[in-house]
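See structure below.
The values are calculated or read from the model by the stated rules, or taken from the named source; none is laboratory data. Not measured: the values here are computed from a predicted model. All Cβ positions, even for glycine, are placed from backbone atoms using ideal geometry, and neighbour counts span all protein chains on display. When the accessible area is computed, the model is the full protein with side chains, heavy atoms only, and any ligands, DNA or RNA have been set aside. Shrake-Rupley method; radii C 1.70, N 1.55, O 1.52, S 1.80 Å.
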Amino acid sequence: MKPIGVFDSGVGGLTVVKELIRQLPFEDIVYFGDTARVPYGIKSKETIIRFSIENILFLLRHKVKFICVACNTASSVALPIIKSHFKVPIVGVIAPGVREAVYATQNKRIGVIGTSSTIRSRNYENQIKELNPQVKVIASACPLFVPFVEEGWFGGKVVLEVAKTYLKPLKKAGVDTVILGCTHYPLLKPVIKEVLGKKVKLIDSAQQVAIEVKEILTGLNLLNKGHSSRHKFYVSDNPEWFSRLAKRFLGRPVPKATMVDNV
Ligand code: DGL
């Protein structure tokens, strides 16, 4: 059976791979992390679209049966535009998180946090409103969160102060549910909880997207019937950096990533 293809701007998409492995233990996975061009979160729409198309073409060369866009920025900015141009089924990480958040909120106030490009696209907001127009959405870009996580800063005074600043509008609006709209943010759950309070529900789209992938593969009769589970990792730069950080996102060491220079 063919593998599932997953791409992200770098290493953060491994939070999605972790869930895919947990929920679909018998699937082969090909992961591409665009470490040469990360971060996507501050780039223009045109550039994110071009990079996403190139990443999909790379995965198709590996004969994937299905593609999961693990990057929230690529999912919100590029996916709505490019999805219909490919025959292979493609899912992103936005819709599954939106569905769970709309289901979870009691007071109809949902917070969304993500990279600057994700928040600028208003994709989360639009999808939430489509599901329930009565929900009030409070969105906040948190650009410093990605470098914090990559530097291994998950808490402490500086991170807490920055989190307080970013999350102030959400707190003020009294949101009861917050979508962690970026691959890196699940690693900052403790500090986000500390700022917003224990009662606020944090939605981690990685778990939801794996449920959706499983449902779609089952529906299309594409689940791997055998018991293999080969996981291959490709990057466009610096495999050593990728491997060093990968453990943090995947929860275990990854086999050495292969460097590719012709994405
Ligand atoms: N993977 C990106 C996302 O989920 C975060 C890192 C970046 O800016 O490329 O939005």
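Yes/no matrix, rows are residues, columns are (1) within 16 Å of the ligand (Cβ to nearest atom); (2) acidic (Asp, Glu):
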| site | (1), (2) |
| --- | --- |
| 47 | yes, no |
| 51 | yes, no |
| 58 | no, no |
| 61 | no, no |
| 64 | no, no |
| 77 | yes, no |
| 81 | no, no |
| 86 | no, no |
| 125 | yes, yes |
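When residues of the stretch 106-123 are filtered for being over 14 Å from residue 204 (Cα atoms) and either more than 16 Å from the ligand (Cβ to nearest atom) or touching a His at 6+ places or on another chain (Cβ under 6 Å) (or both), how many remain?
Of the stretch 106-123, the ones over 14 Å from residue 204 (Cα atoms) are 106-109, 115-123.
Restricting the remaining residues to those that are either more than 16 Å from the ligand (Cβ to nearest atom) or touching a His at 6+ places or on another chain (Cβ under 6 Å) (or both) gives 106-109.
Of the residues in the stretch 106-123, 4 are over 14 Å from residue 204 (Cα atoms) and either more than 16 Å from the ligand (Cβ to nearest atom) or touching a His at 6+ places or on another chain (Cβ under 6 Å) (or both).
Note down all Cβ pairs under 6 Å where the first residue falls in the stretch 216-227 and is in contact (Cβ under 8 Å) with a residue 12 or more places away in the chain and open to solvent by less than 80 Å² (accessible area, probe 1.4 Å), the second is assigned to a loop (DSSP other than H, G, I, E, B) and of a type in the set (Phe, Trp, Tyr), and they're at least six residues apart or on different chains.
224/26
Determine which single condition residue 245 fails, assuming it passes every other condition in (1) under 20 Å from the mean Cα position of the chain (by Cα); (2) modelled with pLDDT under 85.
Among (1) under 20 Å from the mean Cα position of the chain (by Cα); (2) modelled with pLDDT under 85, the lone unmet condition for residue 245 is (2).
Which residue is nearest to residue 71 (Cα to Cα), if the candidates are limited to the stretch 165-192 and must be part of a strand (DSSP E or B) and not small (Gly, Ala, Ser)?
Taking the stretch 165-192 as the starting set, the residues that turn out to be part of a strand (DSSP E or B) are 177-181.
Filter once more, so that each one left must be not small (Gly, Ala, Ser): 177-180.
Numbers: 177: 21, 178: 18, 179: 14, 180: 12 Å.
Once the filter is applied, the top-ranked residue is 180.
Give the number of residues within the stretch 127-163 that are more than 14 Å from the ligand (Cβ to nearest atom) and touching an Asp or Glu at 6+ places or on another chain (Cβ under 9 Å).
So the count comes out to 4.
Among the residues of the stretch 148-167, write down those that are without any contact (Cβ under 8 Å) to a residue 24 or more places away in the chain and open to solvent by 60 Å² or more (accessible area, probe 1.4 Å).
Residues of the stretch 148-167 without any contact (Cβ under 8 Å) to a residue 24 or more places away in the chain: 151, 153, 156-158, 161-162, 165.
Answer for the stretch 148-167, where residues must be without any contact (Cβ under 8 Å) to a residue 24 or more places away in the chain and open to solvent by 60 Å² or more (accessible area, probe 1.4 Å): 151, 153, 157, 158, 161, 165.
Tell me which residues, restricted to the stretch 70-87, are open to solvent by 10 Å² or more (accessible area, probe 1.4 Å) and either in contact with a Phe, Trp or Tyr (Cβ under 6 Å, 6 or more places away or on another chain) or touching a residue at least 40 places away in the same chain (Cβ under 8 Å) (or both).
Once the filter is applied, which keeps residues that are open to solvent by 10 Å² or more (accessible area, probe 1.4 Å) and either in contact with a Phe, Trp or Tyr (Cβ under 6 Å, 6 or more places away or on another chain) or touching a residue at least 40 places away in the same chain (Cβ under 8 Å) (or both), the stretch 70-87 yields 77, 80.
Looking at the stretch 31-69 only, could you name the residues that are open to solvent by 10 Å² or more (accessible area, probe 1.4 Å) and of a type in the set (Phe, Trp, Tyr)?
51
Is there any pair with a first residue in the stretch 183-194 that is within 14 Å of residue 248 (Cβ to Cβ) and a second that is polar (S, T, N, Q) and more than 15 Å from the ligand (Cβ to nearest atom) whose Cβ atoms are under 6 Å apart and which are 6 or more apart or on different chains, and what are they?
Within 6 Å, no pair qualifies.
Out of the stretch 109-128, which residues are farther than 20 Å from residue 45 by Cβ and either open to solvent by 50 Å² or more (accessible area, probe 1.4 Å) or under 15 Å from the mean Cα position of the chain (by Cα) (or both)? Full working, then the answer.
Step one: filter the stretch 109-128 for residues farther than 20 Å from residue 45 by Cβ, giving 109-111, 128.
Answer for the stretch 109-128, where residues must be farther than 20 Å from residue 45 by Cβ and either open to solvent by 50 Å² or more (accessible area, probe 1.4 Å) or under 15 Å from the mean Cα position of the chain (by Cα) (or both): just 109.
Being part of a helix (DSSP H, G or I), in contact with a Pro (Cβ under 9 Å, 6 or more places away or on another chain) and modelled with pLDDT of 95 or more is true for just one of 195, 146. Which residue is that?
Values: 195 fails: in contact with a Pro (Cβ under 9 Å, 6 or more places away or on another chain).
When all the criteria are applied, what remains is 146.
Criterion first (open to solvent by less than 10 Å² (accessible area, probe 1.4 Å), farther than 24 Å from residue 217 by Cα and among the hydrophobic types (A, V, I, L, M, F, W, C)) does residue 17 satisfy it? Quick ask: steps written out before the conclusion?
Numbers: open to solvent by less than 10 Å² (accessible area, probe 1.4 Å): yes; farther than 24 Å from residue 217 by Cα: no; among the hydrophobic types (A, V, I, L, M, F, W, C): yes.
So residue 17 fails the test.
Filter the stretch 93-105 down to the residues that are open to solvent by 10 Å² or more (accessible area, probe 1.4 Å) and over 11 Å from residue 137 (Cβ atoms), then identify the one that is nearest to the ligand (Cβ to nearest atom).
Taking the candidates together, the pick is 95.
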